[in-house]
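A short worksheet on the structure shown next.
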Amino acid sequence: MREPRIAILIVNWNGKTDTIECLKSLTALAYDNVEAIVVDNGSTDDSVEAIRAQFPDVLVVAAGQNLGTSGGRNVGIRYALERGAEFVLFLDNDTIVDSQLLANLVREMDRLGGNNILGAKIYYFDKPSTIWYAGASWQGSGFAHIGIGADDHGDAHSTAAETDYACGCALFVSREILKQVGLLDDRYFCYFEETDLCYRARAAGFRSFFIPSARVWHKVSSSSGGERSPLFYYFMHRNLLLWAEAHLSFRQRLPVYRSIARTVQRAVTPPGFTAGFARGSVRAPWIADFIRNYLRACKAKYTDPATVATLMGLRDYVRRRFGDCPDAVRGLRRMSADQRLRRQ
């Protein structure tokens, strides 16, 4: 089998433990013509020194600031193309790869045609046989991972198939597509940047495929604090609207707007109170108690980190504020962590 030149791009931001574990898994790859490039997004720990010490053959590029997933990968793409890479693999730093990952991606790229975007079959790291991503489908108001939560014993989602987008956790793309379609859009910072790339590629005549033989295990959003952290809520809501604006007609965007409106309603209305008003259940002399309980519930709602992050993300979309999130959102992440500790 031929071995085209491949660059594996990993972005690190204060995640040296995950990044080092990921790089260790790359040493077992059954593929020789490959170079790993780590872009460090201004880590404040000793990530750069630690990675260089353990992996002297890995190119570590110190960006000097947090450019996000999109900006960090763009730095790596430029290095990869300058160094002659024919293909680039975007790989999240909190992943562990199968030894046949690259060999299977190249084989499937040859079979499907060299100018496609390929996505790996991704499992939960802490549940190694449980699928996290086996393709993606647009549901009218958002995307859903195909196969998520399914137990895989080798026969679940085992056929390569076209997908609405290849997950950026492990995305394989050719030099030609990157040169024709362009780099990642820095406005996204993180989340939806790979979806935007796949849809720009689709508009240019390229397709995206899910490849089940290319396997990766993912710790799932560890750099942002988990799938349901305040950072997740901020970027997912803001960037969904940005992506929809770029790739959907106004009529196609209406379900997105309705879904966002329901999200806002849930975010600002304490549970149970809307139903109480609708049934006319608020009666004197209990009205004073109702108001006190309502205000107490509102206070709990408006101090919930996920709620605040969601509303800030929607606000910043309206304000056209893109790129990194405000410092206040990162403060919400710390608040969320403190709340979890208090509940333990």
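Each reported figure results from applying straightforward, stated rules to the coordinates on display, with no laboratory input. Quick caveat: nothing in here was measured; it's all calculated off a predicted structure. Heads up, the Cβs are rebuilt from the backbone with ideal geometry, glycines too, and the neighbour counts pull from every protein chain shown.
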| Karplus (6.51, -1.76, 1.60) ³J(HN,Hα), θ = phi - 60°, over segment 53-58, in Hz, Gly and Pro reported as x | 5, 7, 9, x, 8, 8
| task | Determine the dipole magnitude for segment 1-137: charges of +1 sit on the beta-carbon of Lys and Arg, -1 on that of Asp and Glu, nothing else is charged, the reference point is the Cα centre, and the result goes in debye to the nearest 20. | result | 380 debye
| task | Report, by chain and number, residues whose modeled amide H sits under 5 Å from the one on residue 136, excluding near sequence neighbours (fewer than 5 apart, same chain). | result | 146, 164, 165
| If you take all C-alpha pairs in segment 42-96, what percent of them are over 15 Å apart? | 57 percent
| message | Just to be sure I understand the model, the point goes 7 Å from the Cα along the line to the Cβ. What's the resulting residue 328 to residue 145 distance in nm? | response | 3.1 nm
| task | For residue 24 and residue 99, calculate 0.36 nm times their separation in residues minus their Cα-Cα distance, and state this gained length in nm to one decimal. | result | 25.9 nm
| How many nm separate the modelled label positions at residue 138 and residue 264, each set 7 Å beyond the Cα in the direction of the Cβ? | 2.3 nm
| query | Could you state the number of Å between the C-alpha centres of segment 22-58 and segment 228-266? | reply | 35 Å
| query | So how far apart, in nm, are the two label points at residue 162 and residue 250 if each is 7 Å from Cα heading toward Cβ? | reply | 3.0 nm
| request: Counting other Cβ atoms within 10 Å, keep those with at most 15, restrict to DSSP loop, and tell me which GluC sites (Glu not before Pro) in segment 101-200 are left. | output: none
| field | Those chymotrypsin sites (Phe, Trp or Tyr not before Pro) in segment 158-249 that DSSP places in a loop and that have at most 10 other beta carbons within 10 Å | value | none
| note | Of segment 106-140, those with amide N under 20 Å from the point 7 Å along the Cα→Cβ vector of residue 202 are 112-122, 133-140
